[in-house]
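Asker: Dropping a structure here in C-alpha cells format, bear with me for questions.
Bear in mind that the values in this text are calculations on the coordinates, not laboratory data. Bear in mind the structure is a predicted one, so any value in this text is a computation, not a measurement. Neighbour counts are summed over all protein chains in view; Cβ atoms, including those assigned to glycine, are modelled from backbone coordinates with ideal geometry.
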Amino acid sequence: MKTKILAAAFAAFCLIPACKSETANTLAASADAAAANSKALTTITGNYATAPGKFLAAKITDDETNSILQAGLRSPSARNRQPWHFTVVKDDAALAKGIIPNIGEGNIIIVISGEGADADKGVVLDCALATQNVYLAAQALGLGSRIYTGPIDTVNGKYKESLGLPKGYSAVALVRVGKIELVDALSAASSRKDPAGMIGYK
C-alpha cells in the first residue's frame, strides 16, 4: 500500500513541471496573439484612407487577391443569406479607367454587388459589411485600400454588362486595392473628428 502511495505521489510531483510548462506556453501564445492583433490594428489605422495619389504602379498578386476575397465571402449577413457577388477588375484597363479615371497600373477594383440591392436596404447593409471586410483584409496584408461609392450610379448605368454582374444584381460599393508606400500612410490618412463627441458610456 505504501509503495502505491509513494508511486502516486512521485507521479504527481513529475506532473507539476509539465503543468507549469503548459501554462507558460499558453501565456506565451496569448502574448503572441495580442502582439499580432496590435500590429494588425496599427497597420489598419495607418493605411485606412490612402489618398489616390499614394498608390503605386505595382501588381497585386493572385494570392493577395484571393485572400481578400475570402475575407469578403466570410462577412456576416442577415439570416446568413450572403446576397453579394464580387467582381475583380484587374486585366481590363479600359474598364478600370472608366470606373476610376485616375487608377494606377497594377491596382485592382473589387466591385461588391447585391441581389435586389436597388430595393432592399438589408442587402445594401450586408454588402456594406462585405465591403468593410474586403477593405480591412487588404490593409491587414500591408496593402492600401480605398472605398468608392461615388461611381456606383455610373457603374450600374453603364458597366453592368461589361462587369458581368449576375442578373438582378446591382453594384453597392467599390474597393480599390494597390501597393502603397507605407511610410506615407499616416500622412495620407484623412483627419478624424474628436472621439469625445462620438462615444458614450452608460
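Asker: Once R0 is set to 25 Å, what does the formula 1/(1 + (r/R0)^6) return for the Cβ-Cβ distance between THR149 and ALA31, expressed as a FRET efficiency to the nearest 0.05?
Answerer: 0.05
Asker: Please work out the ratio of the alpha-carbon Rg of segment 52-182 to 2.2 N^0.38 Å and round it to two decimals.
Answerer: Scaled against compact globular proteins, the figure is 0.98.
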